[in-house]
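Scroll down for the structure; my scribbles are underneath it.
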Amino acid sequence: MNATLVALSFLLAGGLSAHGQADSPKEIPDFDVRPKVVIGPDDLTDVDAEHDWKSWLEKNFPDASDSWPKAAAAAFTKAAGEEKWDFVAKGDFDRDGAPTGLLIRTERLPRFGQIIVKKLAVLKWQGGRWTEMLWMADGKVFRRNGKLRRGLSRPSFFGYGISFFVGHPEEKSHPGAVINMYNVNSEGRGLTDGMSFCFMPEKKKYASLEGDGDWETE
């Protein structure tokens, strides 16, 4: 299952509209606040060799680091660690106004020419320090809100298929971007069903959604 199918299955299961043709958008009410959400073909991107996902992220979540507190800017490099990230974004990714960093490292699988995500981190400035909200590493370590998710941390996993959905600014419960993820093996084949993650400003935590269930933060 590729990232686009995972993302579209999430949109349909979770109640957000899947995009159709550009000239005939589909409207489905969101399951929380239930505004009419119109999703176009530019609101979703896959992290792969076929999509310019870096430009997509920069366009939808432009760099906001000039507005960061000096302490946040000074501490960000240390928080990001010595990892050689392929992409670092400093936009308002969660649309909550707090300094947020999105860091991604990819790997190209030589045999197939496919690009997968090896590491992904979302860091947020909370309480005067950078807090790890999401951490995915090599398919073997997955943490959300600082807690290890054992079901998503297994030796058989190699990396991740990732896609991003832009989110809807008027959605009060989760206005920011949604990260859709599934685990892959060393051949890029999916090993798990897709899951989705987003930040909930009221709870100040990342929530997860699996299948057609509800968002959960614990």
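The values are calculated or read from the model by the stated rules, or taken from the named source; none is laboratory data. These figures come from a predicted structure and were not determined experimentally. Using ideal geometry, Cβ is built from the backbone for each residue, glycine included, and neighbour counts are taken over all protein chains shown.
Scanning region 57-71 for residues that are closer than 25 Å to VAL166 by Cα and free of Cβ contacts under 8 Å to residues at least 60 places away in the same chain returns GLU58, LYS59, PRO62, ASP63, ALA64, SER65, ASP66, SER67, TRP68. Taking region 140-170 as the search range and keeping residues that are surrounded by fewer than 19 Cβ atoms within 10 Å (Cβ to Cβ) and over 19 Å from GLU218 (Cα atoms), which one is modelled with the highest pLDDT? It comes out as LYS140. The single condition among (1) touching a Phe, Trp or Tyr at 6+ places or on another chain (Cβ under 6 Å); (2) modelled with pLDDT of 95 or more that ALA79 does not satisfy is (2).
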